[in-house]
Amino acid sequence: MQPQTKPTLYESLEALSEGMTGEILNGQLYTQPRPSGVHATAGFMLGAELLGPFHKGNGGPGGWWIFIEPEVHFVHDNEVTVPDLAGWRRERMPMPPTTEHRFEVVPDWVCEILSPSTEGRDRQIKLPLYAYYGVQYAWLIDPIKHTLEAYRLEAGDWLEIGRFAGTDQVAVPPFEAVSIELEGLWLPTQPTSV
């Protein structure tokens with residue numbers, strides 16, 4: 001009789017049911033359901049703002065690959081994150097992976113959309129992990145509080161380069177070549193009933 005082998009963390013991640021996302025952070029498997037409407041809207045709308053000028057070069061400098069929820073392998077199958085958005089300068093990653101879903105080049109920029117269930121993990125586990133592996137820029141967006149926090153990696157630590165809110169029009173590194181209207185990232189507030 002063959003001894004049963006315990007699945008690896010990555011095999012457990014791959015076996016997650018549809019509608020669940022998994023990450024392997026510091027040797028532990030974390031799971032969460034697909035994002036809520038406010039979360040998905042903020043991520044989709046930010047992606048829409050960045051794709052034209054940076055991914056495609058329409059109305060901006062181009063030179064980037066921008067992806068929504070890429071599976072980033074800092075260590076193949078052992079340190080795996082799924083940032084809400086990530087971007088790579090094309091001089092560092094001339095082509096994205098074409099034969100599989102694993103991104104094994106460290107992103108130049110990541111963005112996490114905060115939710116009540118993931119904010120602690122995003123701030124306390126993922127941001128230090130991104131710094132450790134040398135991601136140069138990180139944004140944290142709170143679609144409930146309508147805020148964007150921007151950070152740049154400096155000497156291995158995150159330096160806050162801006163905090164923006166509400167309806168601000170912002171030009172934030174590394175995408176300062178184009179102004180983004182924050183109001184477009186938020187779901188409209190519900191009208192109050194009379």
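Just wondering, is there one or more residues in the range 9-21 that are touching a residue at least 24 places away in the same chain (Cβ under 8 Å), touching a strand residue (DSSP E or B) at 6+ places or on another chain (Cβ under 7 Å) and of a type in the set (Ser, Thr, Tyr)? First the steps, then the outcome.
At the first step, the residues of the range 9-21 found to be touching a residue at least 24 places away in the same chain (Cβ under 8 Å) are 9-10, 13, 21.
Filter again for touching a strand residue (DSSP E or B) at 6+ places or on another chain (Cβ under 7 Å), leaving 9-10, 13, 21.
Checking the rest, the ones that are also of a type in the set (Ser, Thr, Tyr) come to 10, 21.
Among the residues of the range 9-21, at least one is touching a residue at least 24 places away in the same chain (Cβ under 8 Å), touching a strand residue (DSSP E or B) at 6+ places or on another chain (Cβ under 7 Å) and of a type in the set (Ser, Thr, Tyr), which makes the answer yes.
For the range 49-67, which positions are part of a loop (DSSP other than H, G, I, E, B) and either hydrophobic (A, V, I, L, M, F, W, C) or closer than 22 Å to VAL105 by Cα (or both)? So that I can check it myself, show each step before the final result.
Step one: list which residues in the range 49-67 are part of a loop (DSSP other than H, G, I, E, B), which gives 57-63.
Scanning the range 49-67 gives GLY57, PRO61, GLY62, GLY63.
Which of the residues belonging to the range 69-84 are without any contact (Cβ under 8 Å) to a residue 40 or more places away in the chain and either surrounded by fewer than 17 Cβ atoms within 10 Å (Cβ to Cβ) or touching an Asp or Glu at 6+ places or on another chain (Cβ under 6 Å) (or both)? Lay out the reasoning, then the answer.
If we filter the range 69-84 for residues that are without any contact (Cβ under 8 Å) to a residue 40 or more places away in the chain, which is where we start, we get 70-73, 75-76.
HIS73, VAL75, HIS76 - these are the residues of the range 69-84 that are without any contact (Cβ under 8 Å) to a residue 40 or more places away in the chain and either surrounded by fewer than 17 Cβ atoms within 10 Å (Cβ to Cβ) or touching an Asp or Glu at 6+ places or on another chain (Cβ under 6 Å) (or both).
Would you confirm, using the coordinates I've provided, whether LYS126 is out of contact with any His (no Cβ under 7 Å at 6 or more places or on another chain) and either hydroxyl-bearing (Ser, Thr, Tyr) or more than 26 Å from GLU71 (Cβ to Cβ) (or both)?
No.
Counting only residues that are under 18 Å from LEU114 (Cα atoms) and aliphatic (A, V, I, L, M), which one in the range 36-51 is surrounded by the most Cβ atoms within 10 Å (Cβ to Cβ)?
The extreme case among them is ALA42.
Considering GLY162, GLY166, which residue is out of contact with any strand residue (DSSP E or B) (no Cβ under 6 Å at 6 or more places or on another chain) and either of a type outside the set (Lys, Arg) or modelled with pLDDT of 95 or more (or both)?
Values: GLY162 fails: out of contact with any strand residue (DSSP E or B) (no Cβ under 6 Å at 6 or more places or on another chain).
The unique qualifying residue is GLY166.
Quick check on the range 135-183: of everything there that is basic (Lys, Arg) and either touching a His at 6+ places or on another chain (Cβ under 8 Å) or not in a loop (DSSP other than H, G, I, E, B) (or both), which residue is surrounded by the most Cβ atoms within 10 Å (Cβ to Cβ)?
The selected residue is ARG152.
If you take the residues in the range 98-134 that are in contact with a helix residue (DSSP H, G or I) (Cβ under 9 Å, 6 or more places away or on another chain) and not polar (S, T, N, Q), which one is farthest from HIS39 (Cα to Cα)?
Checking each candidate, the answer is VAL106.
When you go through GLU112, GLU100, GLU91 one by one, which is the residue that is part of a loop (DSSP other than H, G, I, E, B), within 20 Å of PRO173 (Cα to Cα) and charged (D, E, K, R)?
GLU91
Looking at (1) closer than 25 Å to ASP168 by Cβ; (2) surrounded by fewer than 19 Cβ atoms within 10 Å (Cβ to Cβ); (3) at pLDDT 90 or above, find the lone condition where PHE54 falls short.
If we test PHE54 against (1) closer than 25 Å to ASP168 by Cβ; (2) surrounded by fewer than 19 Cβ atoms within 10 Å (Cβ to Cβ); (3) at pLDDT 90 or above, just (2) comes out false.
Filter the range 1-35 for residues that are outside any helix (DSSP H, G or I), small (Gly, Ala, Ser) and surrounded by fewer than 16 Cβ atoms within 10 Å (Cβ to Cβ) and give the result.
ALA15, SER17, GLY19, GLY27
Restrict the check to the range 85-100 and report whether at least one residue is of a type in the set (A, V, I, L, M), within 30 Å of LEU9 (Cα to Cα) and free of Cβ contacts under 8 Å to residues at least 24 places away in the same chain. Outline the logic, then answer.
The first filter runs over the range 85-100 and keeps only residues of a type in the set (A, V, I, L, M), leaving 85-86, 93, 95.
From what is left, the residues that are within 30 Å of LEU9 (Cα to Cα) are 85-86, 93, 95.
Narrowing the set further to residues that are free of Cβ contacts under 8 Å to residues at least 24 places away in the same chain leaves 95.
Yes, some residue in the range 85-100 is of a type in the set (A, V, I, L, M), within 30 Å of LEU9 (Cα to Cα) and free of Cβ contacts under 8 Å to residues at least 24 places away in the same chain.
Quick check: is even one residue across the range 123-130 closer than 26 Å to VAL178 by Cα and among the hydroxyl-bearing types (Ser, Thr, Tyr)?
yes
May I ask you to verify whether TRP186 is at pLDDT below 95 and crowded, with 16+ Cβ neighbours inside 10 Å?
yes
The values are calculated or read from the model by the stated rules, or taken from the named source; none is laboratory data. None of the values given here were measured: they were computed from a predicted structure. Quick reminder, even Gly has a Cβ in these numbers, built from the backbone with ideal geometry, and neighbours come from all protein chains shown.
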